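Colleague: Next up is a structure, given as structure tokens.
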Amino acid sequence: MPLHLVDHPLMHDIMTRLRDRATTSDDFRVLAYRVSLFLVAEATRDLPIAEGTVETPMETAAARRLAARVVAVPVLRAGIGMLQAFLDLVPSAQVGYFGLERNEETAVARRYYEKVPGDLGNAVVFLLDPMLATGGSAAMAVEGLKARGARRVRLVSIVAAPEGVERLAADAPETEIYTAALDRGLNDRKYILPGLGDFGDRLYGT
Ligand code: PRP
Ligand code: URA
């Protein structure tokens, strides 16, 4: 399965501060936004464009415009931390939501909310979820998107565990993963190591 490990010196600095347990929620939110800008830029690199023209104050110039229906689907809660970056780079995107929550004992995700545009067959779909741990949440979300016609989903994550990558490769091998870090693995509570802790809790200070 395509795994894109997005790399940039500025991202390393942001990731170090995201991982730092001393980082406060208000800084964490800004850092999540900033790293998401890099990830979204990379994940959208091959979007189709249409050739045209634009009138500058001087003359007519050749121009290129985005020519794709783009749908972004953040997974509640943590994916919301990546949405503004996505919309700042792709303002025309439609937005859908999946509410997924892992059971604290079993780490198995359950879906509690879904509001996703129908007929995704002609859309380029981006799933936004910063943590790919067991892969259960992402696999459930991709399945839900495919049920709405999505042909190929791009998962934009911030930290991924090998277990989650393997799970998606088995359940939804056509999914492309864009991530800033491929970490060592999971602990016995299915948290990513070294990871950055509970993303949603750190984002919202809960
Ligand atoms: C976190 C994270 C992912 C999921 C990843 O959400 O945002 O959605 O865990 O874990 P998985 O790969 O093992 O499924 P969580 O269930 O903690 O909910 P929250 O975003 O509301 O905190
Ligand atoms: N969800 C998180 O927020 N962090 C992890 O390490 C795993 C799942």
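Quick note: the coordinates plus some simple rules give every number you see, no bench work behind them. All of these numbers come straight from a predicted model, not from anything done at the bench. Ideal geometry is used to build each Cβ from the backbone, glycine not excepted, and the neighbour counts take in all protein chains shown.
Colleague: Could you give each residue of region 110-122 its phi-based ³J(HN,Hα) in whole Hz, using Karplus coefficients 6.51, -1.76, 1.60 with θ = phi - 60°, and x for Gly or Pro?
Modeller: 10, 8, 10, 7, 8, 8, 10, x, x, 6, 8, x, 9
Colleague: Can you tell me the dipole magnitude for region 81-134 around its Cα centre, using point charges on the Cβ only (Lys, Arg +1; Asp, Glu -1), in Debye to the nearest 20? Walk me through the numbers on the way to the answer.
Modeller: On the way: 4 positive and 7 negative charges, 16 e Å.
That gives a dipole near 80 debye.
Colleague: Now for a different question. Quote the relative contact order of region 20-113 in percent (integer), defining contacts as alpha-carbon pairs under 8 Å separated by 6+ residues. Mind showing how you got there, number by number?
Modeller: Values: 109 pairs, mean separation 21.3, N = 94.
The value is 23 percent.
Colleague: So for the chain, averaging the separation of alpha carbon pairs under 8 Å that are six or more residues apart and normalising by length, what relative contact order in percent results?
Modeller: Working: 414 pairs, mean separation 47.4, N = 206.
Averaging sequence separation for qualifying contacts and normalising by length gives 23 percent for the chain.
Colleague: For region 1-106, which trypsin sites (Lys or Arg not before Pro) are in a loop by DSSP, counting at most 13 other Cβ atoms within 10 Å? Please report the intermediate quantities before stating the final value.
Modeller: Numbers: sites: 17, 19, 21, 29, 34, 45, 64, 65, 69, 77, 102; in loops: 21, 45, 77.
Sites meeting the loop and neighbour criteria: 21, 45.
Colleague: Which residue, chosen from 47, 35, 6, occupies the Cα position most advanced towards the positive end of the dipole of the chain, where the dipole is computed from +1 (Lys, Arg) and -1 (Asp, Glu) charges on Cβ about the Cα centre?
Modeller: So the residue furthest toward the plus end is 47.
Colleague: Taking 8 Å as the Cα distance limit and 6 or more residues as the minimum spacing, I'd like the relative contact order of region 116-164 as a percentage. Walk me through the intermediate numbers first.
Modeller: Numbers: 70 pairs, mean separation 26.2, N = 49.
Relative contact order comes out at 54 percent.
Colleague: Using each residue's phi in region 66-77, evaluate 6.51 cos²θ - 1.76 cosθ + 1.60 at θ = phi - 60° and report the 3J(HN,Hα) Karplus result to the nearest Hz, with x for Gly and Pro.
Modeller: Each residue's phi maps through the Karplus curve to give 4, 10, 8, 7, 10, 10, 10, 10, x, 8, 5, 7 Hz.
Colleague: If you don't mind, there's one more thing I want to ask. Return the FRET efficiency for the residue pair residue 49, residue 5: r is the Cβ-Cβ distance, R0 is 30 Å, and the value is rounded to the nearest 0.05. Walk me through the numbers before you get to the answer.
Modeller: Numbers: r = 25 Å, r/R0 = 0.84.
Result of the calculation: an efficiency of 0.75.
Colleague: Could you check what % of the DSSP bridge pairs in region 74-200 are antiparallel, to the nearest 5?
Modeller: Details: 8 of 22 bridges.
Rounded to the nearest five, the antiparallel share is 35 percent.
Colleague: Another question about this same structure. Taking θ = phi - 60°, what integer Hz values does the Karplus form 6.51 cos²θ - 1.76 cosθ + 1.60 yield along region 154-161, in sequence order, with x for Gly and Pro?
Modeller: These are the phi-based 3J(HN,Hα) values: 10, 8, 9, 10, 9, 10, 10, 9 Hz.
Colleague: Using Cα centres only, tell me the gap between region 93-141 and region 1-48 in whole Å.
Modeller: Spelled out, the Cα-based centre of one part sits 19 Å from the other.
Colleague: Next question. Suppose every Lys and Arg Cβ carries +1 and every Asp and Glu Cβ carries -1, with no other charges. What dipole size does region 1-158 come out with about its Cα centre, to the nearest 20 debye?
Modeller: Details: 19 positive and 18 negative charges, 85 e Å.
Taking the Cα centre of region 1-158 as origin, the dipole is about 420 debye.
Colleague: If you count, for each residue, the other Cβ atoms within 10 Å and average over each peptide, how do 130-141, 159-170 line up from highest to lowest?
Modeller: Details: 130-141: 25.1, 159-170: 20.2.
So the peptides 130-141, 159-170, ranked by packing, come out 130-141, 159-170.
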